[in-house]
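Engineer: Here it is: the structure, laid out below.
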Amino acid sequence: MYYNEQPGVEKMFGQNVEIRTINLNSVRERNEVDVFLQKQDLILERDVEYTLAMYEEDRIVGTGSISGNVLKCIAIDPEYQGGGFSNKIISLLLNEQYYRGNTHLFIFTKPKNRKLFLDLGFYEITSVDDFVTLLENDPRGIRDFAENLKLQKYDGKVVSSIVMNCNPFTLGHRHLIETASKNSDVVHIFVVWEDRSVFPNEVRYKLIKEGVKDLKNVFVHRGKDYIISNSTFPSYFLKEKNAIVKIHTMLDVKIFGEFIAPALGINRRYVGEEKSDPVTNEYNLTMKELLKDYDIEVVEIPRIKNDEAAISASRVRELLKKDDFDSLKQLVPQTTFEFLISEEAKIIIGKIKNEK
């Protein structure tokens, strides 16, 4: 049970308002919030973990949600705007976040609502047209991240970057990195840091570092909150094709172009060809479209195959379910294979076997 300042029914600005915690497992309650949000041109995204709603009698007049360290899906009925209702919802969500131990917080909102959150101590990172603004509660957050990256800058005519999840690290990933390494002076690898993969972020980081240690011009970084994270690109983890995906891809790519690429002098980005995953394919297309404005070339590399099938992390996980280590050995570097047969990997493999 998390902390939640539940005042019950109270008098707010001349109206009796009750604040309730929504049971997200209840189809009825979830639909009520979703219908309300749709009237405000929003949706209740599938990754929300906690939702509050303000009711006047049995009518929702405001709501807000949490996903990880992000505040989202915040909306107030137009009739109630300007009366302090937004501040109340946000205050309760902040209390909940702090109780959960989340202190570095982000907010997705529409640009027209920017001032409200600026007044509450948030700082804008960037915006995508009239669609979305991303803010954080640390005035130096993204800038400190970029400044720390500058300490790892290496000069070169072609400075490349790859963003990878590697769940786990395969020969397909290795092929992409090798290709970039051969055609670049410097290659910066960013590991997706959101811990939503069955292989934990530190394990994925270690497998990549060990798998490329012979490539002397390749440097591996933790992506943290600013590269394909729940803060910049939540729909990546939902793997759901809808209009929001395009907006989130634009936001993530814009942050990369405005802050990360300049810090390291990146002028090329490598991606793996993606035909089966619509979200990743959308991401690749958006990069090609937007990064040219930052003088960054996007190079797409075809996947390598084994037994006529593309080598992929999902294929590796399927083989782990079957305990088919002989076949698996053909798809991963020796460093990854050694980890997969270790004691440390047994818990992870157990989770994979229990996945539906």
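The values are calculated or read from the model by the stated rules, or taken from the named source; none is laboratory data. Keep in mind it's a predicted model, so treat the numbers as computed, not measured. We place every Cβ from the backbone using ideal geometry, glycine too, and count neighbours over all the protein chains shown. Heads up: the accessible areas ignore ligands, DNA and RNA and are worked out on the full protein's heavy atoms, side chains in. Shrake-Rupley method; radii C 1.70, N 1.55, O 1.52, S 1.80 Å.
Engineer: When only C-alpha pairs under 8 Å and at least 6 residues apart count, what is the relative contact order of the stretch 11-78, in percent? Before the final figure, lay out each step's value.
Structural biologist: Values: 106 pairs, mean separation 20.0, N = 68.
Relative contact order comes out at 29 percent.
Engineer: Return the percentage of antiparallel bridges among DSSP beta bridges fully within the chain, rounded to the nearest 5 %.
Structural biologist: Details: 31 of 51 bridges.
Of those bridges, close to 60 percent are antiparallel.
Engineer: Once R0 is set to 35 Å, what does the formula 1/(1 + (r/R0)^6) return for the Cβ-Cβ distance between residue 103 and residue 354, expressed as a FRET efficiency to the nearest 0.05?
Structural biologist: 0.60
Engineer: To continue, here is another question. I'd like to check one number: the per residue accessible area of the chain, probe 1.4 Å, reported in Å² as a whole number.
Structural biologist: With all protein chains present, the chain gives 47 Å² per residue.
Engineer: Which percent of Cα pairs goes in each bin when the distances of the stretch 168-222 are cut into 5 angstrom slices starting at zero?
Structural biologist: P(r) over the stretch 168-222, rounded to whole percents: 4, 20, 32, 25, 12, 6, 1.
Engineer: Could you size up the charge dipole of the stretch 286-356 around its Cα centre, putting +1 on the beta carbon of Lys and Arg and -1 on that of Asp and Glu, and report it in debye to the nearest 20?
Structural biologist: It works out to roughly 380 debye.
Engineer: Using DSSP loop states and a limit of at most 14 other Cβ atoms within 10 Å to flag chymotrypsin sites (Phe, Trp or Tyr not before Pro), what is the longest stretch of the chain containing no flagged site?
Structural biologist: Here the longest run is 155-356.
Engineer: Which number do you get for Rg(Cα) / (2.2 N^0.38 Å) in the chain?
Structural biologist: For the chain, the normalised Cα radius of gyration is 1.08.
Engineer: Could you work out how far apart the two model spin labels at residue 40 and residue 95 are, taking each label as a point 7 Å from the Cα in the direction of the beta carbon, and quote it in nm?
Structural biologist: About 1.9 nm separates the two model spin labels.
Engineer: What pairs in 213/246; 115/157; 209/329; 150/321 have C-alpha atoms more than 30 Å from each other?
Structural biologist: 213/246; 115/157; 150/321
Engineer: Follow-up question, since we're still on this one. Roll a 1.4 angstrom probe over the protein heavy atoms and tell me the percent of accessible area of the chain that is carbon or sulfur.
Structural biologist: Ligands and nucleic acids excluded, carbon and sulfur give 47 percent.
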